[in-house]
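Data block below; observations after.
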Amino acid sequence: MFRTAARRLLGAGFTTSRLLRLPKPRPTTIIPYSYCTSSTESPIGNQSVNPNQSDTAREEGHRRDESSRKPRAEFEEEQARVLAASLRHVPRLGWTEEAMIAGSRDVGVSPSTVGSFSRKEAALVEYFMDDCLQLLIDRVDSGLDLQNLIPSERVSKLVSIRLEMQIPYVSKWPQALSIQAHPVNVPTSFKQRAMLVDEIWHTVGDGASDLDWYVKRTVLGGVYSTTEIYMLTDDSPEYRDTWAFLDDRVKDAFDLKKSIQEAKYFAQDIGAGVGKSFQGLMNVHKGWS
């Protein structure tokens, strides 16, 4: 059986079953942003075969014709297998269609299946992000001991566990960030990161409400993003400098006297759009002071 993350990611008209836990004083109904890494496959139908066509080409055409007639559930399960197998090729081939083709061959699926993904490279990155979130949740549910740690140490622990999952792909991660930053992919990328941050705060035991809820999640999103970028240039043994950098940023974030100023700095690293929105939020907050 494949991971729950794959099923959530590949469902038609995807809606995640795990929503952001908004602050209770302001209950809000969230309509999850529906996204799908695969579009409905275009039926190929009965293609006419050129008598001069090679046997190999005919066989490929037959496989495509068979693929177009597969039940939707079976087709999505096949896509999940391809994505999972593709990850082992990412360190060598990057977050590319070539890695996905190699993955399809590993699981005995026709490379033509890769054509069913509407956003090929983005589908692979999004699958990885969603799978990592599920792995983190599984790790916590399996009994990760956080009881003897203070809240800041819990946050550092959870962020480091999540970032460690990217180490095998760190040389290719700038490419993944570039794919996530593409305008078409930004909504999904932002949603996945927001879900990760919310899951971390929920695990830590955060009970913030109103403005504090948003401030804490924006600050932690900035901590995660800046540490993620720092990690790309870290050549210290076992990424020790990265974990020290993370601990310092988390401690700063937990310093209430610095939290608002830190939030401004961190928001700038999340992205121009988010940064501007949060800058406005901070200005409003200052007006209330």
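Listed values, structure above:
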{"quantity": "Qualifying residue in region 152-163 (condition: farther than 19 Å from residue 206 by Cα and touching a residue at least 40 places away in the same chain (Cβ under 8 Å))", "calculated": "yes"}
{"quantity": "Residue 48 within 20 Å of residue 175 (Cβ to Cβ), modelled with pLDDT under 95, part of a loop (DSSP other than H, G, I, E, B) and out of contact with any helix residue (DSSP H, G or I) (no Cβ under 8 Å at 6 or more places or on another chain)", "calculated": "no"}
{"quantity": "Tally, over region 85-109, of residues that are over 15 Å from residue 120 (Cβ atoms) and either modelled with pLDDT under 90 or in a helix (DSSP H, G or I) (or both)", "calculated": "5"}
{"quantity": "Qualifying positions in region 146-155 - among the aliphatic types (A, V, I, L, M) and open to solvent by 70 Å² or more (accessible area, probe 1.4 Å)", "calculated": "150"}
{"quantity": "Residues of region 97-145 satisfying the condition of being in contact (Cβ under 8 Å) with a residue 24 or more places away in the chain, β-branched (Val, Ile, Thr) and open to solvent by 20 Å² or more (accessible area, probe 1.4 Å)", "calculated": "107, 140"}
{"quantity": "Among (1) within 18 Å of the chain's Cα centre (by Cα); (2) not in a helix (DSSP H, G or I), the one test that residue 146 misses", "calculated": "(1)"}
{"quantity": "Among (1) at pLDDT below 50; (2) touching a helix residue (DSSP H, G or I) at 6+ places or on another chain (Cβ under 6 Å); (3) open to solvent by less than 60 Å² (accessible area, probe 1.4 Å); (4) of a type outside the set (Phe, Trp, Tyr) - the single one residue 82 does not satisfy", "calculated": "(1)"}
{"quantity": "Every residue from region 104-143 that is aliphatic (A, V, I, L, M) and over 24 Å from the mean Cα position of the chain (by Cα)", "calculated": "109"}
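The values are calculated or read from the model by the stated rules, or taken from the named source; none is laboratory data. Worth saying up front: this structure is predicted, and the values here are computed from it rather than measured. Note that we place each Cβ from the backbone using ideal geometry, even for glycine, and neighbour counts take in every protein chain shown. The accessibility values were calculated without ligands, DNA or RNA, using every heavy atom of the protein model including side chains. Shrake-Rupley method; radii C 1.70, N 1.55, O 1.52, S 1.80 Å.
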